[in-house]
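Q: Quick one: the structure is below, questions incoming.
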Ligand code: LLP
C-alpha cells in the first residue's frame, strides 16, 4: 500500500508526479522471478515513462528496453542500457532513426511493412551493417480494450498480414545486409483477460508449425506488452499478477530449444508506483453540482480526456465526512474532467488529491497546452 510522504509534499509545487520507488523495486523483482523460464527476456516499454529516476531502477533490475523512436533509443543509451537489449518498433521509422538504431547496434528492428524493410536494407548497405530484423505480424486478435489502444486487428495500421511474411523472409535471405531473427506481435494494452494472450499463443504455434515445414525456424519471438492493471483498487492490487501472465506463455507456447521469447511490458511495470498530486484551488457550488477545481489538468494527465479512463482520486489531507464532487482541472476544454460524482472526504481549498495509478502514460504524455508548465516530480 502506498503511504504518501505528506510532509515532503507540503513543500512542493503542485501538480507533480509522486513515484513510490520501493513499489517499483518490488514490482521488478516480481517480474524477474515470474519470468524465470528458459529463453524469456523482458523489455521495459519506455514509452510508458522515461523518467530517469525510474529508468535507473529498471536498468538495475536488468530489463531490456522496447523503444518506438530515436528519442527513446537515445534516452535508453544515455541511461546506460545495453544496446544488445534494445528492440525498436514503430510503423513510421525515419531514415535518421533507422541509422541511429544501426549505428548503435541495437538488438532488433521490428519491421512493420515491406516498404520499410527495403529502406532498412538500403541504409544498412550504405553503413556496411547487417540489420537484425523481426517482422511484426498483425494476428487479427481482439484484445477487447479501448479502441484507441487496440492494435492487433486487421483494420489497425500496425504490422503486416500473415500472408506477406514469407516474401519478406525471402527478401531478407537474399540480402547480405539483413538478418531475419523472427516475428513480433503486440495486440493491445490494458488487457485484463487471459484469453487474448492464449489466442496469441495458439496463433504463434500454428504459424511456427507451418514455417517449420518450410525449414524456417524463428530464432526470436516477441509477444509485445499489454498486461493491464487494477485502476480502481491500486492498494489491493499494487503488483499485477505476473506469475499468471508469464505462465500463460510458458504453458501455451511451444518454444523450440534455444528460442528466445521477448516481452515488452510498459504499464504493468510502472503504473501503480505513480500518482499525480494536485492541490484544490476552489470548491465551487455549481447550479446542479459541486466542483472541486484542482490545479492539475488534462495537460498533466490526459488519459481521462483521451480514453475515458478513470484514475482513483483520494483526498490526502481531509478525513471529514464524505461528499460528492466533480473533480475538474483548469484547462479551457470541457473534457478536462478527472471524475464525476466522486465520493471524497469533505474538500477545502488547499487540500491535496492523489490521482492514483498514473505512473504509466502520465508524465510522459504531459503537454504545454494553454502554455502551462510541465508537471514536476518527486520520488521516494
Ligand atoms: N509494445 C508495443 C509495440 C506497443 O505499442 C506498446 C504500447 C507496448 C509494447 C507496451 O504496452 P503496455 O504493456 O504498456 O500495455 N497511452 C495509452 C497506451 C498506449 C499503448 C501503446 N503501445 C494509455 O494511456 O492507455
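The values are calculated or read from the model by the stated rules, or taken from the named source; none is laboratory data. Note that the structure is a prediction, hence the values are computed from the model and not measured. Cβ coordinates were reconstructed from backbone atoms using ideal geometry, including for glycine residues, and neighbour counts include every protein chain displayed.
Q: Are any of the residues in segment 183-202 assigned to a helix (DSSP H, G or I), more than 21 Å from the chain's Cα centre (by Cα) and without any contact (Cβ under 8 Å) to a residue 40 or more places away in the chain?
A: No, the conditions are met nowhere in segment 183-202.
Q: Oh, and also: Give the residue, chosen from 65, 73, that is assigned to a strand (DSSP E or B), within 15 Å of the ligand (Cβ to nearest atom) and within 30 Å of residue 127 (Cα to Cα). Full working, then the answer.
A: Numbers: 73 fails: assigned to a strand (DSSP E or B).
The conditions single out 65.
Q: For the subset of segment 13-33 comprising residues that are buried (at least 20 other Cβ atoms within 10 Å of the Cβ) and within 16 Å of the ligand (Cβ to nearest atom), which member is farthest from residue 259 (Cα to Cα)?
A: 17
Q: Can you confirm whether residue 94 is without any contact (Cβ under 8 Å) to a residue 60 or more places away in the chain and in contact with a strand residue (DSSP E or B) (Cβ under 9 Å, 6 or more places away or on another chain)?
A: no
Q: Just to check your reading of the model, which residue among 224, 297 is touching a residue at least 12 places away in the same chain (Cβ under 8 Å) and under 16 Å from the mean Cα position of the chain (by Cα)? Can you show your working first?
A: On the way: 297 fails: under 16 Å from the mean Cα position of the chain (by Cα).
None of the others qualify; the one that does is 224.
Q: While we're looking at this one, here's another question. Name the residue that is nearest to the ligand (Cβ to nearest atom), counting only residues in segment 352-376 that are assigned to a loop (DSSP other than H, G, I, E, B) and over 19 Å from residue 267 (Cα atoms). Quick ask: steps written out before the conclusion?
A: Looking only at segment 352-376, we keep the residues that are assigned to a loop (DSSP other than H, G, I, E, B), and these are 356-362, 366-368, 372-375.
Narrowing the set further to residues that are over 19 Å from residue 267 (Cα atoms) leaves 367-368, 372-375.
Details: 367: 13, 368: 18, 372: 20, 373: 22, 374: 17, 375: 16 Å.
Ranking the qualifying residues of segment 352-376, first place goes to 367.
Q: For segment 267-285, which positions are touching a residue at least 24 places away in the same chain (Cβ under 8 Å) and surrounded by fewer than 22 Cβ atoms within 10 Å (Cβ to Cβ)?
A: 279, 281, 282, 283, listed by residue number.
Q: Collect the residues in segment 227-242 that are surrounded by 17 or more Cβ atoms within 10 Å (Cβ to Cβ) and over 17 Å from residue 32 (Cα atoms), keeping them in residue-number order.
A: Correct list: 228, 229, 230, 231, 234.
Q: Looking at 211, 245, which is the one that is surrounded by 21 or more Cβ atoms within 10 Å (Cβ to Cβ) and either at pLDDT 95 or above or within 14 Å of the ligand (Cβ to nearest atom) (or both)?
A: Answer to the check: 245.
Q: Considering only residues that are surrounded by 14 or more Cβ atoms within 10 Å (Cβ to Cβ) and in a helix (DSSP H, G or I), which ones fall in segment 165-182? I'd like the intermediate steps shown before the answer.
A: Kept after step one, since they are surrounded by 14 or more Cβ atoms within 10 Å (Cβ to Cβ), are these residues of segment 165-182: 165, 168-169, 171-172, 175, 177-182.
Listed by number, the residues that qualify are 165, 168, 169, 171, 172.
Q: Looking at segment 63-79, which of the residues that are out of contact with any strand residue (DSSP E or B) (no Cβ under 7 Å at 6 or more places or on another chain) and touching a residue at least 24 places away in the same chain (Cβ under 8 Å) is surrounded by the fewest Cβ atoms within 10 Å (Cβ to Cβ)?
A: Across segment 63-79, the extreme among qualifying residues is 74.
Q: Which residues, taken from segment 320-344, are surrounded by fewer than 16 Cβ atoms within 10 Å (Cβ to Cβ) and under 23 Å from residue 13 (Cα atoms)?
A: 332
Q: Residue by residue through segment 262-303, note down the ones that are within 17 Å of residue 15 (Cα to Cα), within 10 Å of the ligand (Cβ to nearest atom) and outside any loop (DSSP other than H, G, I, E, B).
A: 303
Q: I would also like to ask the following. Does segment 313-335 contain any residue that is more than 23 Å from residue 21 (Cα to Cα) and within 16 Å of the ligand (Cβ to nearest atom)?
A: Looking through segment 313-335, at least one residue is more than 23 Å from residue 21 (Cα to Cα) and within 16 Å of the ligand (Cβ to nearest atom).
Q: For segment 334-344, how many residues are at pLDDT 95 or above and assigned to a loop (DSSP other than H, G, I, E, B)?
A: At the first step, the residues of segment 334-344 found to be at pLDDT 95 or above are 335-344.
Cutting the leftovers down to assigned to a loop (DSSP other than H, G, I, E, B) gives us 335-336.
Counting residues in segment 334-344 that are at pLDDT 95 or above and assigned to a loop (DSSP other than H, G, I, E, B) gives 2.
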